[in-house]
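Beneath this line is the structure, given in structure tokens, with notes to follow.
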Amino acid sequence: MHRLTALIVFAALALSLPAFGTERALDLEPESTQVTFTLEAIGHDVAGTLYLHDGRVRFDPQTGAASGEVSIDARRAETGHKKRDKKMHEKVLESEHNPLIVFTPERLEGEIVAEGTSEVELHGTVTLLGAEHPLTLPTTVEMAGDSVTARTTFTVPYVEWGLHDPSIVFLRVAKEVEVTISAAGTLVTVAPAAGDVSATTDR
């Protein structure tokens with residue numbers, strides 16, 4: 001009798017705990033997410049801001065498989081200098097014809113704990129000016145219930161990737177740009193139906 005009672009209690013506790021082995025999705029909040037970039041240049045560094053357009057990262061904690069899409073609005077990129085920004089949009093980002101910079105996650109390496117801090121790597125592909133490039137995001141994740149914050153800093157070799165080098169005779173800039181994303185969002189449990197991308201918040 002005592003054994004049966006213990007099994008019932010254990011089953012009830014198991015059902016009440018978050019099913020962290022099931023597929024999850026992180027829905028990012030554009031208004032709470034900051035994207036900044038720094039480009040080294042002779043005499044001073046250029047600092048700028050990008051803006052999240054939309055973002056969802058879907059992942060399976062058991063297999064590490066990931067999917068979804070995180071998009072940055074290239075048209076809103078700014079450095080605070082009108083002439084420089086005009087050149088950046090026309091010559092480098094070509095944002096009129098390539099309005100979005102899109103990261104497609106493919107694999108999550110590392111474990112995200114149910115509460116507290118986790119260090120993971122998100123592997124995927126970024127699409128920039130119509131070309132795809134592999135990219136790994138080393139990410140610090142903070143979990144507090146369903147609320148999530150994540151921070152990653154990575155380097156983009158933009159000249160190597162085929163973007164215009166804005167250097168001129170008297171002003172040389174680096175061929176790589178450092179990008180930092182400080183994101184906030186909500187963790188949801190993906191509905192189990194095959195092919196269904198809807199989700200419900202796991203309370």
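Values quoted throughout were computed directly from the atomic coordinates according to the rules given, and no laboratory measurement underlies them. Predicted model, so just to flag it, every value in this text is computed and none were measured. Glycine gets a Cβ as well: all are built from the backbone with ideal geometry, and neighbour counts include every protein chain shown.
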- Item | Extension gain (nm, one decimal) between residue 160 and residue 131, 0.36 nm per residue minus Cα-Cα | 9.2 nm
- Query: Any idea how far apart residue 86 and residue 121 come out in nm if each label point goes 7 Å out from Cα toward Cβ?
  - Reply: 4.3
- Task: Sort 93, 39, 129, 171 so that the residue with the fewest other Cβ atoms within 10 Å of its own Cβ comes first and the one with the most comes last.
- Result: 171, 129, 39, 93
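Over 24 Å, how big is the tail of the calculated P(r) for the stretch 46-145, in percent of all Cα pairs? Walk me through the numbers on the way to the answer.
Numbers: 1695 of 4950 pairs.
Summing the P(r) tail past 24 Å for the stretch 46-145 gives 34 percent.
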- Query: Ordered by residue, what ³J(HN,Hα) values in Hz, to whole numbers, does the stretch 60-65 give under the Karplus form 6.51 cos²θ - 1.76 cosθ + 1.60, where θ = phi - 60° and Gly and Pro are x?
  - Reply: 10, x, 7, 9, x, 5
- Note on the structure: Counted neighbours (other Cβ, 10 Å), sorted fewest up, put 97, 164, 53, 81 in the order 97, 81, 164, 53
